[in-house]
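Quick note: the coordinates plus some simple rules give every number you see, no bench work behind them. Keep in mind it's a predicted model, so treat the numbers as computed, not measured. Cβ: placed from backbone, ideal geometry, glycine included. Neighbour counts: every protein chain shown.
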Amino acid sequence: MSAVLEVKDLRKEFGDLTAVDGISFDIQEGEIFGFLGPNGAGKTTSISMICGLLKPTAGEVHVEGVSILTDPRKVKRRLGVVPQEVAIYEELSARENLAFWGGIFGMRGGELNSRVDELLEQVGLEERAKEPTKNFSGGMKRRLNLALGLVHDPKLILLDEPTVGIDPQARRNILEVVKSIVAGGRTVLYTTHYLEEAEELCDRLAIIDHGQILSQGTVGELKTQMGEGSLLTVQGDFPATTLSEAVTGVEGLMPIEIDDDRAMLLVTRDGPGVSHSLEGLFSRGLTFDDITIKEPNLEDLFLKLTGRELRN
Amino acid sequence: MWVLIRKDLLRRWRSPLATIVMIIFPLFMSLAVGSISGGGGNDGSDFPRIKILLQNNDENGFLSNALMGSAGQDESQEYLEVVAVGDEGTEMMEEGKASAMVVLPEDFTAKVFNREPVQIAVVRNPAEGIKPEIVVQGTGVVATYLDQGARLLGEELGIIQVMMEAENLPASAKVGAVSAGIMTKINGVEKYLFPPLVEVGGVKEEDAEGDSGPASNVFGYILIMTTVMALLFVATRSMGDIFEEQNSGMLKRQLATPLGIGLVVGAKTVFAVVFGVIVMTILGTIGLTLQWIVPPVDLVAVVLLGVSFSLAACGFLALVVSLVKTEKQAGIMGWLVIMGMSAVGGSMLPVEQMPAPMQAVSRYTINYWAIDGFTGLVFSGEGLADIVGNIVRLLVMGAVTITAAQVLLVRRFREVSP
């Protein structure tokens with residue numbers, strides 16, 4: 001496999017604000033690469049620089065070896081951009097919208113018509129293809145929004161939060177379309193703040209916050225950064241310092257996040273186990289109102305890396 | 001570029017309400033203002049006649065009979081229908097059979113000759129708007145002249161009254177003496193009394209010239225004035241659409257394609273020009289169908305003038321759009337510019353009726369050159385050679401403003417915030 005997208009030390013400053021702070025990653029052909037981070041993390045700014053809408057303050061972006069800075073037109077021909085907002089002409093029908101975007105990329109006649117038909121079927125809008133899109137539901141508009149970015153059959157598709165604000169059925173439909181795109185040999189950069197989507201879709205992920213990539217790898221690799229074991233979450237009336245001191249004295253127990261009244265701890269797999277850990281804490285005079293035990297996930301990793309929850 | 005222009009034309013076609021309103025506006029204005037002002041052609045045959053009832057209660061009075069005899073004569077017959085009535089006049093007014101009734105009181109002549117206060121009553125028909133007002137104003141003018149005449153010729157009028165009441169014809173020498181006295185007084189005040197009549201004569205001369213031209217009418221004139229203004233609104237909306245595309249994310253999406261911002265802005269401007277020409281064509285066709293504009297008209301000249309005006313209108317409004325930051329600001333600023341240019345440029349009032357300083361300023365507006373050109377073609381039978389100056393001026397104004405706007409808009413939208 002070769003890298004379709006290479007991003008190196010990409011940086012964007014707006015005055016005193018650093019929106020993207022030197023991120024680097026690459027995406028291989030046929031891969032879905034996820035950008036996981038909360039709102040305002042720098043995901044959209046990164047995509048805007050990758051597709052040439054914003055000029056980076058520093059850094060490089062190459063698509064199939066071509067720099068967006070030196071040859072933006074050539075790069076843009078290979079990109080399909082699906083923005084976060086639903087950007088369609090509501091006076092026009094789905095077919096007319098698709099034909100317009102195909103026309104922008106120089107598609108004409110039979111080639112354009114057959115591509116439009118294909119996409120309408122793919123996103124399930126063929127029966128309402130001639131209807132003005134202002135009559136569409138939110139989910140239908142989202143599906144069309146996605147299709148508009150695919151009409152010229154781009155090599156790399158940039159999907160910026162394509163499932164925001166839609167019902168589960170429409171979301172499922174969009175995720176299926178994304179999978180089918182990749183099955184057809186295309187490459188996808190997918191930004192989201194929905195953990196389940198990232199886990200389901202992405203071959204590799206980058207966790208981004210405050211304009212920086214905090215960690216990247218496959219879902220499995222990222223989960224291992226949490227350590228092997230079970231996640232123990234306790235709540236009660238205790239000071240953070242008391243719990244921290246207690247945890248250090250219990251074998252097989254590691255602190256992940258400890259606050260007053262609430263703590264997240266990892267019970268290592270090679271240690272004595274959860275029961276032993278809880279007994280150790282109780283024996284040091286601690287009591288809890290609530291105890292939760294579960295397998296760690298990306299949300300927990302995000303919390304560990306950033307100190308805050310993903311959806312805040 | 002054609003893909004972008006076609007898209008915008010299709011959007012207007014699919015969502016036509018705003019366009020229909022912009023087309024209806026000049027038609028409505030033409031119909032409303034044209035109807036109030038008569039709306040007829042240059043021969044005046046379509047001018048609605050005003051029916052006046054004249055009730056003379058001073059039956060034997062010399063002056064009242066003279067007024068009765070002169071009313072509705074000469075050119076005024078085209079506009080006035082004067083009917084002498086007796087007591088039945090009141091009933092006729094109640095039935096709405098006339099615009100107004102003028103009542104000359106008893107002893108009218110005697111009181112005027114004796115320089116005593118006397119009142120002429122005017123009964124208006126409340127069902128009619130402007131016509132009774134014309135009668136009131138006209139009667140006021142007659143009263144003023146009678147009043148001034150009585151003051152000026154009081155002595156001679158007294159002598160004439162005695163002569164009229166005498167059983168025998170007056171001696172020629174006596175008549176000659178009175179006539180000489182009247183002439184001497186009139187000559188003395190002629191320059192103060194008659195200038196308005198001389199001005200009226202000037203207007204009649206213009207009418208006579210117009211009679212030989214095409215038979216388009218006042219509706220057509222107002223249609224041209226208001227179409228020019230409506231086209232400015234069309235241009236504002238077309239150019240302001242770039243903000244709508246920015247807000248909806250469509251602009252950002254377009255700029256993520258190989259299209260450059262220069263092409264996107266350029267296509268929007270070309271669309272605005274093309275759309276303006278389409279709207280003008282629709283309005284012109286309606287004007288022809290309704291016979292507000294009557295051929296022959298130099299079609300090539302009309303098309304060239306229309307295109308150059310649309311270009312200039314789009315340039316001006318594109319410049320306005322390029323200088324503001326939001327769609328709302330573009331709307332407000334556009335409105336102010338349009339109203340200003342329309343007021344000064346002749347879209348609200350014929351330039352000839354404006355004060356001289358305003359007429360001088362009007363030449364700096366695109367409205368002036370468009371209206372001047374179109375009215376010349378439609379009403380004076382002018383051709384391309386006569387209005388080539390108008391076309392060149394509009395093209396130059398359009399080229400300068402479009403270039404400036406293009407530079408500013410490209411700079412504005414070159415980098416779209418995420």
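A few remarks follow.
- Loop trypsin sites (Lys or Arg not before Pro), region B:322-418 (other Cβ atoms within 10 Å of the site Cβ: 11 or fewer; DSSP): B:Lys325
- At 1.306 mPa s and 10 °C, Stokes D of the protein assembly as shown from Kirkwood alpha-carbon radius, µm² per second: 48
- With respect to chain A, whose longest principal axis is taken over its alpha-carbon atoms, helix A:168-183 is tilted by about 70°.
- Normalised Debye scattering of region A:228-290 at q = 0.16, 0.22 Å⁻¹ gives log10 I(q)/I(0) of -0.41, -0.81, counting only Cα atoms as equal scatterers and leaving out solvent.
- Eligible lysines near B:Lys325 by straight Cα distance, threshold 24 Å, same-chain separation 8 or greater: A:Lys12, A:Lys55, B:Lys252, B:Lys268
- Under the Debye formula (equal points on every Cα, no solvent term), log10 I(q)/I(0) of region A:133-252 at q = 0.16, 0.20 Å⁻¹: -0.89, -1.18
- When the listed pairs B:Lys111/B:Lys174; B:Lys51/B:Lys131; A:Lys8/A:Lys179; A:Lys43/A:Lys179; A:Lys130/B:Lys7 are checked against a 19 Å cut-off, the alpha-carbon distance exceeds it for B:Lys111/B:Lys174; A:Lys8/A:Lys179; A:Lys43/A:Lys179.
- Whole-angstrom gap from region B:314-345 to region A:193-233, using each part's C-alpha centre: 52
- DSSP loop GluC sites (Glu not before Pro) with at most 14 other Cβ within 10 Å excluded, longest remaining stretch of chain A: A:1-227
- Residue among A:Gly220, A:Gly102, A:Gly184 with the largest mean-square fluctuation in a Gaussian network model of chain A, springs linking Cα atoms under 10 Å: A:Gly184
- For chain A, modelled as a GNM whose springs connect Cα atoms under 10 angstrom apart, the maximal fluctuation among A:Asp300, A:Asp16, A:Asp261 occurs at A:Asp16.
- Only helical runs count toward this figure. For chain A, summing -39,500 (n - 2.57) over DSSP H runs of n ≥ 4 and dividing by all residues gives -10000 deg cm²/dmol at 222 nm.
- For chain A, the fraction of alpha-carbon pairs in successive 20 Å shells from zero, as %: 30, 47, 20, 3
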